[in-house]
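Asks: Below: one structure in C-alpha cells.
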Amino acid sequence: MKSHWVYYNSVRIFLADFSQYGANGAGVRAETQYIIEILKNEPDHSVLSLTNVEGTFANEDILRSLAELLTISNKKIKKRAVTGVTGFRRHFLDAFAAAVGNVKFSVFDTPEEAYDWLSKA
C-alpha cells in the first residue's frame with residue numbers, strides 16, 4: 001500500500017495516497033482498508049492528513065470506498081488537505097463532500113503547499 005506517515009517541518013502528517021489508481025475501484029478499496037487499520041489506534045481529532053487523488057477517477061466503487069473511509073477517518077482527522085484535484089474535478093469534490101456530509105478540507109495545487117499548511121496547524 002502507498003499511504004504512510006511523513007514528517008514535514010518536524011510535524012507528523014499522514015499521506016492518504018490514492019494517486020494513480022485510475023478507475024481501479026479494487027485498488028482504492030484495498031488502500032482505504034489499509035488506512036482504516038493505520039488510523040484506528042490514533043487519538044480522535046489528532047491526525048493531520050494529506051489526501052492525494054491525482055490520476056484517480058471517480059466511479060461508483062471508488063466513491064463508495066471513500067465514503068466508507070470518511071465515516072471512520074473523520075473521527076481521527078484534525079485537519080485535512082487534498083491535492084490532485086484540478087479543473088471540473090474540484091466542483092465534483094465539493095459535491096461529493098456535500099453528499100457525504102461533515103467533511104472539512106482545503107484543496108491545494110501541490111503537495112508542498114498542502115504540507116506547509118498542515119505543518120502550521
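The values are calculated or read from the model by the stated rules, or taken from the named source; none is laboratory data. Note that the coordinates shown come from a computational prediction; the quantities given were computed from them, not determined experimentally. When we count neighbours, we look across all protein chains shown, and the Cβ atoms used for this are built from the backbone with ideal geometry, even at glycine. Heavy atoms of the whole protein, side chains included, go into the accessibility calculation; ligands, DNA and RNA do not. Shrake-Rupley method; radii C 1.70, N 1.55, O 1.52, S 1.80 Å.
Asks: Residues with amide H under 5 Å of VAL82's amide H, sequence separation 5 or more or different chain, H placed in the peptide plane at 1.01 Å from N; which?
Replies: Under 5 Å from the amide H of VAL82 lie the amide H atoms of THR51, SER106, VAL107, PHE108, each far enough along the sequence or on another chain.
Asks: Where is the GNM fluctuation largest for the chain (alpha-carbon springs, 10 angstrom cutoff): VAL85, VAL28, VAL11?
Replies: Largest GNM mean-square fluctuation: VAL11.
Asks: With +1 assigned to the C-beta of every Lys and Arg and -1 to the C-beta of every Asp and Glu, and no other charges, what is the dipole magnitude of the chain about the Cα centre in debye, to the nearest 20?
Replies: The dipole magnitude comes to about 340 debye.
Asks: Same structure again: Mind checking the full-extension length gain between HIS45 and TRP117? Use 0.36 nm per residue of separation minus the Cα-Cα distance, one decimal, nm.
Replies: My answer for the length gained is 24.2 nm.
Asks: Got a number for carbon plus sulfur as a percent of the chain's accessible area, 1.4 Å probe?
Replies: Ligands and nucleic acids excluded, carbon and sulfur reach 55 percent.
Asks: Select from VAL103, THR56, GLN33 the residue farthest towards the positive end of the dipole of the chain; place +1 on Cβ of Lys and Arg, -1 on Cβ of Asp and Glu, and compute about the Cα centre.
Replies: Of the options given, the answer is VAL103.
Asks: Could I ask something else about it? Out of these labelled values of P(r) over Cα pairs in 10 Å bins from 0, in percent, [x] 14, 38, 31, 13, 4, 0; [y] 14, 50, 34, 3; [z] 14, 47, 30, 8, 1, 0, which was calculated from the coordinates shown here?
Replies: [y]
Asks: What are the ³J(HN,Hα) couplings of region 73-83, residue after residue, when phi is run through the Karplus curve with 6.51, -1.76, 1.60 and θ = phi - 60°? Round to Hz, x for glycine and proline.
Replies: 5, 4, 6, 9, 7, 8, 8, 10, 10, 10, 10
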